[in-house]
Amino acid sequence: MSDAPILSVKGLRKEFGQRGGFLKPKGLKVAVDDVSFDIPKGKTLALVGESGSGKSTVGLMILGLLESTGGEVLFEGRSLASRSAADRHRFRREMQVVFQDPYASLNARMTVREAVTEGMRIHGIGASAAERDDRAKRLVEQVNLDASALDRYPHEFSGGQRQRIAIARALSVEPRFLVLDEPTSALDVSVQSQVLNLLRQLQNDFGLSYLFVTHNLGVVEYLADEVCVMQRGRIVERGTVDEVFDSPKQEYTARLLGSIPSTDPNVRRLTG
């Protein structure tokens, strides 16, 4: 696979206005400050940090769901901000997201079939409803669900199954890049490993690139190639998974590593 970046983030910054209180003037809160990184095609970069570190804000700005205060995001060398409206619509096919909560991310009133085929209809994928249905069937089977799931509703599935449906929906428009925003944190540990296995298999099958946003370093080793550690809106450490895990340079990173639950403190690596 090429090491050319599919996504480049350069000097990204986000400020939020703060309301003043008694004897406290209004001001600005810097949530993300000068964040830069590249993600090569077919690779996974993990953006790691505690709650409030700014990592999810970065993901939202990359997706265009939150406007940045400064910096830029480039997809295959082209700035997202400079794209025309029609080009941005086409770009929506290229970049998709899997959110943390599988219970909130699916419309309870839509069947799985409707959820998975909705994006296809919006982007003109499939020549007919029958062709889209065939694609939906293949997608749910690729995420290890039975085709009978298509005519059921989200409340009929477990959390892990719902996250598989969310992944199938994201893949329905044939993206090349996925933002995975805490995709396993709402799941039981045994189910986490199944979803991570699935994400790794899909990456191998389709050459997908991932931004993996998480607070849990315990799942990072399993999926990521590189790690950026965020603290108070800034990247404080970066490197390959082995570099960061074996020789952390920052006390903050060492503390995050120390918080990984394990029955054996000498064994951190996940298997599956």
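All of the numbers you see were taken from the coordinates with simple rules; none came from a lab. Keep in mind that what you see is a predicted model, and the values were worked out from it rather than measured. In this analysis, Cβ positions are derived from the backbone assuming ideal geometry, glycine residues included, and neighbour counts consider all displayed protein chains.
Please give the direction-averaged projected area of the C-alpha convex hull for the stretch 99-177, in square nanometres with one decimal.
Numbers: hull surface 19.7 nm².
Taking the Cα atoms of the stretch 99-177, their convex hull projects to 4.9 nm² on average.
Peptides 190-200, 205-215: what's the order by average Cβ count within 10 Å, highest mean first? Before the final figure, lay out the partial values.
On the way: 190-200: 18.0, 205-215: 20.6.
The densest-packed peptide leads the list: 205-215, 190-200.
Let me check the size of the stretch 176-242 from its C-alpha atoms; what are the radius of gyration and Dmax in Å?
12.3, 36
Starting from 0.36 nm per residue, how many nanometres of slack lie between D151 and R13 once their C-alpha separation is accounted for? Don't skip to the answer; put the middle values down first.
On the way: separation 138, 0.36 × 138 = 49.68 nm, distance 4.32 nm.
Once the chain is fully extended between D151 and R13, it gains 45.4 nm.
Quote the FRET efficiency, to the nearest 0.05, computed for D205 versus D246 with a Förster distance R0 of 51 Å and r equal to the Cβ-Cβ distance. If you can, show how the numbers build up before the last one.
Values: r = 30 Å, r/R0 = 0.58.
For R0 = 51 Å, the calculated efficiency reads 0.95.
Out of all DSSP beta bridges with both ends in the chain, state the antiparallel percent to the nearest 5.
Working: 24 of 42 bridges.
Once the DSSP bridges in the chain are tallied, antiparallel ones form about 55 percent.
Could you please report the charge total around L74, scoring K, R as +1 and D, E as -1 over all other residues with beta-carbon less than 13 angstrom from its beta-carbon?
With Lys, Arg at +1 and Asp, Glu at -1, the neighbours total -1.
Which value, to two decimals, describes the C-alpha radius of gyration of the chain once divided by 2.2 N^0.38 Å?
1.04
Between R78 and H123, what length comes free when the chain is fully extended (0.36 nm per residue of separation minus the Cα-Cα distance, one decimal in nm)?
On the way: separation 45, 0.36 × 45 = 16.20 nm, distance 2.11 nm.
Extra length from R78 to H123 when fully extended: 14.1 nm.
Considering only the other residues whose Cβ falls under 11 Å of the Cβ of E118, what net charge follows from Lys and Arg at +1 and Asp and Glu at -1?
Around E118, the charge tally is +3.
Starting from the coordinates of the alpha-carbon atoms of the stretch 126-242, obtain the Kirkwood hydrodynamic radius over all distinct pairs and give the value in Å to one decimal. Display every interim value, and only then the final one.
Values: mean 1/r = 0.0639 Å⁻¹.
Mean inverse Cα-Cα distance, inverted, gives 15.6 Å.
What residue among L45, L257, L217 has the largest mean-square fluctuation in a Gaussian network model of the chain, using Cα springs under 10 Å?
L257
So which of K43/K249; K10/K41; K14/K41 end up more than 21 Å apart by C-alpha?
On the way: K43/K249 23 Å; K10/K41 17 Å; K14/K41 26 Å.
Violating the 21 Å Cα-Cα cut-off are K43/K249; K14/K41.
Determine how many Å³ per residue the convex hull of the Cα atoms of the stretch 56-159 encloses. Don't skip to the end; give the middle numbers.
On the way: hull volume 13.7 nm³, N = 104.
It comes to 132 Å³ per residue, whole-number rounded.
How high is the relative contact order of the stretch 63-164? Use alpha-carbon pairs under 8 Å, at least six apart in sequence, and give a whole percent. Before the final figure, lay out each step's value.
Details: 71 pairs, mean separation 27.9, N = 102.
27 percent.
Restricting to DSSP H runs of at least four residues, report the calculated mean residue ellipticity at 222 nm for the chain, -39500 (n - 2.57) per run over all residues, nearest 500 deg cm²/dmol.
On the way: 9 runs with 96 residues, N = 272.
Mean residue ellipticity at 222 nm (helix-derived): -10500 deg cm²/dmol.
Arrange the peptides 100-106, 51-57 so that the one whose residues have, on average, the most other Cβ atoms within 10 Å appears first. Mind showing how you got there, number by number?
Working: 100-106: 18.1, 51-57: 19.9.
Per-residue mean Cβ counts within 10 Å order the peptides as 51-57, 100-106.
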